[in-house]
Every structure is written in structure tokens, then in C-alpha cells.
Amino acid sequence: MAARLGEEGNRQALAHFITTSPWDPAHVRARLAWRVEKAVRPTVLIFDDTGFLKDGNASACVSRQYTGTAGKITNCPVGVSLHLASGHASAAVDWRLFLPETWEPGSVKASPDKVARRTACGIPDDIGHVEKWQLALDMLDETRSWGIEVPLAIADAGYGDAAAFRRGLQARGLHYVVGISTTLSAQPGEAVPALEPYSGTGRPPVAKYPDKPQSVKQLVIAAGRKAAKPVQWREGSKPGTGRSGFKRMYSRFVTLRIRPAGREVRQAADGFDAGIGSRVGTD
């Protein structure tokens, strides 16, 4: 942008404007989102995060955390993003820098060195640690305030494992397809809560499942090998027998209806229980 203005000094002026001036980037993001919406014609929202392979005392929110960019836990900052996507294109239109608990002054995990670097890194005093799934919901609310409405959301297990995130999507009227971990606890789809007899004294009992919850992995194994169905979804990059001469992407999947379990689900549902579908790859 500065180079288009033709003068070398504009580069420094533009950098100063972006990094230190008290301007609101939401207006620029909104205009970007409107242009992307026309070009992409989105059918789905995608929530994701990525790590930036940078380190050093001048970088904000650097902490030891997992990033798919490096494929491991390493020192890096992580950004959460919202993408508008369709079958032919996608583009990020909103994003947030994730502030780890080590940078939060009031956290038990706070690092004195990192807290002391907040001012030098330009982190405002009112910015604290917020879970990634909450940042995703905040971005969803912001893009909807711009008049962008997309009825379907997609995210990986980093977001799908959070019951509060799934409830947030549901409360906003969105359908969603999210990943979940095999360790997530659940009840079989056919399980029904039972109400124990009330003795007439004390607090009335609430309906409970007769059996303890199991992990999603255990439920898939219990379904048996015959429940797994082969699925080919596209051709990859390795040579093979596909129409284009490349190997087809293939795996076996088990489709189950399950009922999420766990304290977080029970507290939020307040007695209401809803089943969710789960498709798990077995290869």
C-alpha cells in the first residue's frame, strides 16, 4: 500500500499508523468481508487457528503452545480466524490474537516476565485471556453485525470439544459440523435418562442415565467392524488409479448418534438432553 503512494517515507508512516494509532480495524474488516461475500458467495463459515513461527521479546502473546504450522508444541503466538468459504474459494475476514493465560496478570499461570512485556508489546490493559472458542463466537457476532449471514459453521476438535461453543452456535441458529476428540465422553444415542423414585423428603431426584458415559472411541469400537463403511472423498497428490492419475483419498467411517455427557453439558442443559451425530474415521 505504501509503495503505491510512490514515496519511500510512506512505508514508515503507514507502519506507524497500523501499529500505534488508535484506529478501529473493524471498519476495514467489514469492507473486506462485504467484498469477499460477493466474490465467494459463502455457503459455510470456517473457524480455525494458526501459529506464527516467530519468537523474541518484541512479539506479543508468544507462549509454548501447539500449532499445526510447526506440527508440534513450540514458542509462538496463535491467531484465531473466521473464513467465508464455498466450494470454489475461501478467505479470512475476521481474526483475533489469542492471549495465553501466561500473559494474563490475574491468572495463576501468569508469567511475571510476559506480564511485564505487555506494555512494550502494545497490549491494552483491558485485554485478558479469552478461550479460542469464545473468540470464535465473538467474531461470528461481529460478522453478523455487518449483515453477513451464513447458516452453516465448520470447525475442528479444538472448538468442537467445547460444549459451550456448540451451544453458542445452536443459540445463534446455526447448523454446524465440528470435529470432536475420541476421548470425549458420551452416551449411546438410544440411551434414555431414568428418574429414580422420590421418597418424599429432600430434594426431588433428577433424571439420570443408568449407565456411566463412555468415550467416543469406546462407542465406535462397540459398534463393530461391520459398522464401518468405505468412503472416498477426493483425489490426492500421489500417483494412483484415479481419473486424473492420482490416488484417491480413502478411509472407513462409522456413523453413530450419540448424546454428549459430562458436567459441562449437564449444567448447561439444565435437564435437557440433545443427541448429536458423530462420524469417526477408523483408519
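Brief remarks on what is shown
- Of all residue pairs spaced 6 or more apart or on separate chains, those with beta-carbon atoms under 6 Å, a first member in region 192-213 that is hydroxyl-bearing (Ser, Thr, Tyr) and a second member that is in a strand (DSSP E or B) are Tyr209/Gln187.
- Within region 230-254, the residues that satisfy the criterion of being part of a strand (DSSP E or B) and either in contact (Cβ under 8 Å) with a residue 60 or more places away in the chain or open to solvent by less than 70 Å² (accessible area, probe 1.4 Å) (or both) are Val231, Glu235, Gly236, Met249, Ser251, Arg252, Phe253, Val254.
- Restricting attention to region 45-62, the residues being open to solvent by less than 10 Å² (accessible area, probe 1.4 Å) and either β-branched (Val, Ile, Thr) or in a strand (DSSP E or B) (or both) number 4.
- Criterion applied to Gly160, Gly168 was being surrounded by 18 or more Cβ atoms within 10 Å (Cβ to Cβ) and either polar (S, T, N, Q) or free of Cβ contacts under 8 Å to residues at least 24 places away in the same chain (or both), and the one residue passing it is Gly160.
- Entirely in region 67-152, the strands (runs of 3 or more DSSP E) that have 3 or more residues that are open to solvent by 40 Å² or more (accessible area, probe 1.4 Å) and under 20 Å from Val178 (Cβ atoms): 90-98
- There is no residue in region 183-192 that is under 30 Å from Pro42 (Cα atoms) and crowded, with 16+ Cβ neighbours inside 10 Å.
- None of Arg29, Arg118 is within 23 Å of Leu140 (Cβ to Cβ), of a type in the set (D, E, K, R) and at pLDDT 90 or above except Arg29.
- Residue satisfying condition, being over 20 Å from Gly160 (Cα atoms), of a type in the set (A, V, I, L, M, F, W, C) and either assigned to a strand (DSSP E or B) or in contact (Cβ under 8 Å) with a residue 12 or more places away in the chain (or both), within set Trp23, Trp34: Trp34
- Some residue of region 200-214 being open to solvent by less than 50 Å² (accessible area, probe 1.4 Å), closer than 24 Å to Val254 by Cβ and either modelled with pLDDT under 90 or in a loop (DSSP other than H, G, I, E, B) (or both): no
The values are calculated or read from the model by the stated rules, or taken from the named source; none is laboratory data. Computed from a predicted structure; not experimentally measured. Note that each Cβ is placed from the backbone with ideal geometry, even for glycine, and that neighbours are counted across all protein chains shown. The protein model used for the area step is the full one, side chains on, heavy atoms only, and it has no ligands, DNA or RNA in it. Shrake-Rupley method; radii C 1.70, N 1.55, O 1.52, S 1.80 Å.
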